[in-house]
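The values are calculated or read from the model by the stated rules, or taken from the named source; none is laboratory data. Computed from a prediction, not measured in an experiment: that's the story for all the values here. Cβ sites come from the backbone with ideal geometry, for glycine too, and all protein chains shown count toward neighbours. SASA here: full protein model, heavy atoms, side chains in, ligands and nucleic acids out. Shrake-Rupley method; radii C 1.70, N 1.55, O 1.52, S 1.80 Å.
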Amino acid sequence: MKKIFYLLLITISVASVMFFNINKIGMAESGVGQLNRFADVLNKKDISITSWNLYAREAKINTSATEVMKKYKNNFKNLKWSIDKEKNKIIGVSNHTFVTERLVVTSTSDNSSYVIYELTGTKWDQRTEKETKNLIDQSLENIFNEEPTFFTCIKGTMGGKLEGVLQGIKNDFLETFKATKIEEIKEGAFVSVSAYTEQWNDALVANGKKINLQIAIRENNVDESKTIIIGTPIITVEY
């Protein structure tokens, strides 16, 4: 009876670890799904994709950046490591065929740290998607102890002069994603909107309201081209 009980405990433990790792990868691949969705929308609107990123972070409580770094150096021998003493950061970078992989460990004041894992690229197609998924499968379980929060972002450009273009593009995207506007910023040739859509589940709460979609549009006054950035649940690049 005791043997059966021990075997049951071992089985449950192994199953829990497997579920946890699968769940982490599943969450990341949902980010890949978002990139596919965003890329499809931009392509259909004749907007040229110029960059994208998939970003995740996790706090390492009571674990210094040096301790975290030792583990990562063993697990990620392909990364080239550097130290930014001014910003208390240890940075590892690897350039793959279509994707750049980046791992950043930052020290905090209480001898803890936090980790950022980021995949970026300049185009999104089937080969890029495949490489991104492979990197996720290889890396996530060696980085995060818990389920991290994932952020997805894509940037594109379009040309042409259109009347009321910024508001028109913004409203078109909100309609495409069936999203409700929560907050909006307008500044000359720039507009940014935070919104909520039920097309996916992840969301952050800002001022008591859920948001899971941000859209930023900027017009270049010289050639009248437009830069469009879409992010979920928020934009994580400068705009």
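Just read off the accessible area of ASP223 with the full protein assembly in place, 1.4 Å probe, to the nearest 10 Å².
Here the residue's solvent-accessible area equals roughly 90 Å².
Could you order LYS80, LYS73 by accessible surface area, starting with the largest, using a probe radius of 1.4 Å?
Of LYS80, LYS73, the descending order of accessible area is LYS80, LYS73.
Over segment 81-210, what relative contact order in percent results from Cα pairs under 8 Å that are six or more residues apart?
With pairs under 8 Å counted, the relative contact order is 11 percent.
Of the lysine pairs in segment 119-221, how many meet both conditions: Cα atoms under 18 Å apart, and a spacing of 8 or more in sequence or different chains?
Eligible lysine pairs with Cα atoms under 18 Å apart amount to 11.
Run the numbers for ASN145 and ASN75: contour at 0.36 nm per residue of separation, minus the present Cα-Cα distance, in nm.
Working it through step by step, the gained length comes to 23.8 nm.
Just the accessible area for ILE234, please: 1.4 Å probe, Å², rounded to the nearest 10?
50
Need the C-alpha centroid separation for segment 103-121 versus segment 136-203, integer Å.
24
If packing is taken as the average count of other Cβ atoms within 10 Å, what order do 117-123, 204-210 fall into, highest mean first?
Most protected by this proxy first, the peptides run 117-123, 204-210.
Cα centroids of segment 48-78 and segment 208-227: how far apart, whole angstrom?
Between the Cα centre of segment 48-78 and that of segment 208-227, the gap is 28 Å.
Leaving ligands, DNA and RNA out of it, report the carbon-plus-sulfur percent of the accessible area of segment 76-196 at a 1.4 Å probe.
45
Is there a quick way to get the dipole size of segment 44-189? I mean about its Cα centre, with the Cβ of Lys and Arg at +1 and of Asp and Glu at -1; what is the value in debye to the nearest 20?
440
Taking the Cβ-Cβ separation of VAL205 and ASN36 as r and a Förster radius of 22 Å, what is the calculated FRET efficiency to the nearest 0.05?
So the FRET efficiency works out to roughly 0.25.
What full-extension length gain, to one decimal in nm, is calculated for LYS123 and SER48 as 0.36 nm per residue of separation minus the Cα-Cα distance?
26.1 nm
Sort GLU183, GLU58 by accessible area with a 1.4 Å probe, largest first.
So the residues, ranked largest to smallest area, are GLU183, GLU58.
Name the residues whose placed amide hydrogens come within less than 5 Å of the amide hydrogen of ILE234, ignoring near sequence neighbours (fewer than 5 apart) on the same chain.
Correct list: THR152.
Please give, to one decimal in nm, the separation of the simple spin-label points placed at GLU67 and THR108, each 7 Å out from Cα toward the Cβ.
Each label point lies 7 Å from its Cα, and together they span 1.4 nm.
Considering only the other residues whose Cβ falls under 11 Å of the Cβ of ALA203, what net charge follows from Lys and Arg at +1 and Asp and Glu at -1?
Within the 11 Å Cβ shell, the charges total 0.
Which percent of the Cα-Cα distances in segment 92-239 go past 28 Å?
Here the tail beyond 28 Å accounts for 33 percent of pairs.
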